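Student: I am attaching a structure below and will ask some questions about it afterwards.
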């Protein structure tokens, strides 16, 4: 496979008065060129920190992030900004918080172009910005509008236009639709898929909404307390879920039919602290199937079926009967 991004044993720890907070802990995954990998899990599991570490908004504690075979995590930040920043961009969760309220729409889209293409004339910058606005469906009449005058969908389109303005090939989408109404969510998701097809973009799509990730992703990685605990093709996880935590996530998806009952998997117990965690299964305290080995030994993410890996000592027990 042609992997645009390869993440190898990536760690990001934060120092606290109580110890080291393991926000991202030994994550390994690959992202195929032109595809979308969905990163899912509860709030606080490390999804956004993973995305920001790939973006170099956080410096990695250790590990590698290979972009086209080059380790961008270990290089000096000045070298990264000079040679790779334009290739790797991010769409943020809250479009309003990420936009300067003192700038109008045209100025907001012009800004990254002006900063990164100093060789462009003012006319060329404006022309490029207008092309980006048209590309994401922002009408020319909105050029002089300010963020507070627009709805959430249009504000998010500004964020997408800013990300695309440097012609990247990899974009981290950090919950880009979670703050939007459902009808607007669909518009933004369809826009992202159309842009991916037109421009050959590669996405990391971070979300806690399993329905959204099913719609947009080619592959899915499930995170729990800084670690990837299951990886597989998107369709596979909804049919043949293996890890108990992933099963609990899927059981929480509501069914829009009052006549269909669904068995919920309710998790009990306390969350394991992400500060200097013990070398054991971090899900053990909440897992209904945990045994002594789970509390004494850390499971390894291992491939159980072609393309399907899980980090569970007893994962074979949870492979659905009759699956290849």
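Read-outs: derived from the displayed coordinates by stated rules, not from any lab. A quick note: this is a predicted structure, and the numbers were derived from the prediction, not measured. In this analysis, Cβ positions are derived from the backbone assuming ideal geometry, glycine residues included, and neighbour counts consider all displayed protein chains.
Student: Rounded, prolate or oblate for segment 1-100? Axes are the square roots of the Cα gyration tensor eigenvalues, ordered a ≥ b ≥ c, and the cut-off for rounded is a/c under 1.5.
Tutor: rounded
Student: Quick one: length gained pulling residue 118 to residue 57 fully straight, 0.36 nm per residue minus the C-alpha distance? Display every interim value, and only then the final one.
Tutor: On the way: separation 61, 0.36 × 61 = 21.96 nm, distance 2.27 nm.
Length gained, residue 118 through residue 57: 19.7 nm.
Student: Based solely on its DSSP helices, what 222 nm [θ] is calculated for the chain when runs of n ≥ 4 H residues each add -39,500 (n - 2.57) and the sum is averaged over all residues, nearest 500 deg cm²/dmol? Spell out each step's value before the answer.
Tutor: Values: 10 runs with 98 residues, N = 324.
Value at 222 nm, helices only, nearest 500: -9000 deg cm²/dmol.
Student: In addition: Taking every Cα atom in segment 97-167, find the radius of gyration and the maximum pairwise distance Dmax, and write them in Å.
Tutor: In Å, with Rg to one decimal and Dmax whole: 11.0, 34.
Student: DSSP beta bridges in the chain, what fraction antiparallel, as a percent rounded to 5?
Tutor: Approximately 65 percent, going by the DSSP bridge assignments.
Student: Find the centroid of the Cα atoms in segment 199-273 and in segment 47-104, then give the distance between the two in whole Å.
Tutor: Computed from Cα coordinates, the inter-centre distance equals 25 Å.
Student: Hey, could you get me the Stokes-Einstein D for the chain, Kirkwood radius over alpha-carbon pairs, 10 °C and 1.306 mPa s, rounded to whole µm² s⁻¹?
Tutor: Calculated translational D: 75 µm²/s.
Student: Same structure, new question: Once both labels are modelled 7 Å past Cα along the beta-carbon direction, what's the residue 251-residue 78 spacing in nm?
Tutor: Here the answer is 5.5 nm between the modelled labels.
Student: Here's another thing I want to ask about it. Need one word for segment 142-204: rounded, prolate or oblate. Basis is the Cα gyration tensor (sqrt eigenvalues a ≥ b ≥ c); a/c below 1.5 gives rounded, then a/b vs b/c decides.
Tutor: Since a/c reaches 1.5 but b/c is at least a/b, the shape of segment 142-204 is classed as oblate.
Student: While we're on this one: Please compute the length gained on full extension between residue 317 and residue 178, using 0.36 nm multiplied by the number of residues separating them and subtracting their Cα-Cα distance.
Tutor: Numbers: separation 139, 0.36 × 139 = 50.04 nm, distance 3.45 nm.
So the chain would gain 46.6 nm between residue 317 and residue 178.
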